[in-house]
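Novice: Please see the structure below; I have some questions.
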Amino acid sequence: MPLHSIGSGTISFGLVSIPIKLYPATASGSVSFNLLHAKCGSRIKQQTFCPVCNVVVDRAELVRGYEFAKDQYVRVTDEELKGLEGEASKVIDIAEFVPLEKVDPIYFERTYYLGPDKGGEKAYRLLADAMAKSGRVALAKFVMRGKESLVLLRSAQDGLMLHTMYFADEVRNFGEIDKGQTAKIKGGEMELAQQLIDGLTNDDFKPEQYEDEYRQRVLTLVNQKVEGQEVTAAAPQVQRAQVIDLMEALKESLNKRVPPAAQRETIRKPPSKVITRAEPVRAAAKKAQGGKK
């Protein structure tokens, strides 16, 4: 299915304005389910209930409230929030360029592809190539759906990508967590750990090698149920050894190390023949029902 633009905008780069189109770069592959009434199999409807008035509340009767103290709320209207939204601007105004390696991935939120809009091809190409050559990324602010977002532009795959980012106060302090600084590393353990890392190291990241095996098992289960098969679901058993001596564990890991080439073949399992979309599931269900007499 071809990508469809979900919006447009303009990258402001000095005195240069580059018209662009915004495309979603990712889509969740998670398997989703509907909630059914176990008695009759019908899909349920969720209702908003007020426990004080003991009534179901219509959506038109709802207002927003911010809890400033325990069970104490201040009401805020949609109009008031609308007035606080960022200016309805589609300009991605670049504030600065920084080396990509200086940006911690913890700040990355979502990813979008940027493509040139009509008349912006040359300027788009110039910015993408210049950023690739300099090894730098651009930081900017961009108003998306009324919310001001911190965004990062980077040159990748011969084009430009946009990453929405968390603001600094949205990232929790890692310093509050014990990182094992008091642990004493014995002599030789670091060298063995480095050997283990080196033995499992590849020069390229190839995400296509890895598959969501849980999703495949879920879809296989759904497929079997649609076909009326009896199913006994069982998760794969993983044996976990108790680490008593770290040095011995490192040595054993090195002895049992799978060569990178063989490891890739192990990871890349042939996909099971499963239903991968809802439409074939429904079609198969109808076919199964039609065959019953």
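Novice: So Arg125 clears everything in (1) within 25 Å of the chain's Cα centre (by Cα); (2) without any contact (Cβ under 8 Å) to a residue 60 or more places away in the chain; (3) over 30 Å from Leu254 (Cα atoms) except one condition, right? Which one?
Specialist: Of the numbered conditions (1) within 25 Å of the chain's Cα centre (by Cα); (2) without any contact (Cβ under 8 Å) to a residue 60 or more places away in the chain; (3) over 30 Å from Leu254 (Cα atoms), the odd one out for Arg125 is (1).
Novice: Quick check: anything in region 37-55 of a type in the set (A, V, I, L, M), in contact with a Phe, Trp or Tyr (Cβ under 7 Å, 6 or more places away or on another chain) and more than 30 Å from Leu126 (Cβ to Cβ)?
Specialist: Let us first name the residues in region 37-55 that are of a type in the set (A, V, I, L, M), namely 38, 44, 52, 55.
In the following step, the residues that additionally are in contact with a Phe, Trp or Tyr (Cβ under 7 Å, 6 or more places away or on another chain) were identified as none.
Looking through region 37-55, none of the residues is of a type in the set (A, V, I, L, M), in contact with a Phe, Trp or Tyr (Cβ under 7 Å, 6 or more places away or on another chain) and more than 30 Å from Leu126 (Cβ to Cβ).
Novice: Applying the selection to region 40-85, what residues are among the small types (Gly, Ala, Ser), in contact with a strand residue (DSSP E or B) (Cβ under 9 Å, 6 or more places away or on another chain) and farther than 30 Å from Met144 by Cα? Spell out how you get there, then give the answer.
Specialist: In the first step, residues of region 40-85 are kept if they are among the small types (Gly, Ala, Ser); the result is 41-42, 60, 65, 69, 83.
Of the ones still in play, those that are also in contact with a strand residue (DSSP E or B) (Cβ under 9 Å, 6 or more places away or on another chain) are 42, 65.
Correct list: Ser42 only.
Novice: OK, next. Would you please list the contacts, defined by Cβ atoms under 6 Å and residues six or more apart or on different chains, that run from a residue in region 48-66 that is at pLDDT 90 or above and surrounded by 10 or more Cβ atoms within 10 Å (Cβ to Cβ) to a residue that is part of a strand (DSSP E or B) and among the charged types (D, E, K, R)?
Specialist: Going by the 6 Å Cβ cut-off, the qualifying pairs are Gly65/Arg75.
Novice: Out of region 148-190, which residues are exposed (fewer than 10 other Cβ atoms within 10 Å of the Cβ) and assigned to a helix (DSSP H, G or I)?
Specialist: Ala168, Asp169, Phe174, Gly175, Glu176
Novice: I'd like the full set of residues that are farther than 18 Å from Val91 by Cβ and surrounded by fewer than 13 Cβ atoms within 10 Å (Cβ to Cβ), limited to region 118-147.
Specialist: Answer for region 118-147, where residues must be farther than 18 Å from Val91 by Cβ and surrounded by fewer than 13 Cβ atoms within 10 Å (Cβ to Cβ): Lys122, Asp129, Lys133, Ser134, Gly135.
The values are calculated or read from the model by the stated rules, or taken from the named source; none is laboratory data. Since this is a predicted model, take the numbers as computed values, not measurements. Note that each Cβ is placed from the backbone with ideal geometry, even for glycine, and that neighbours are counted across all protein chains shown.
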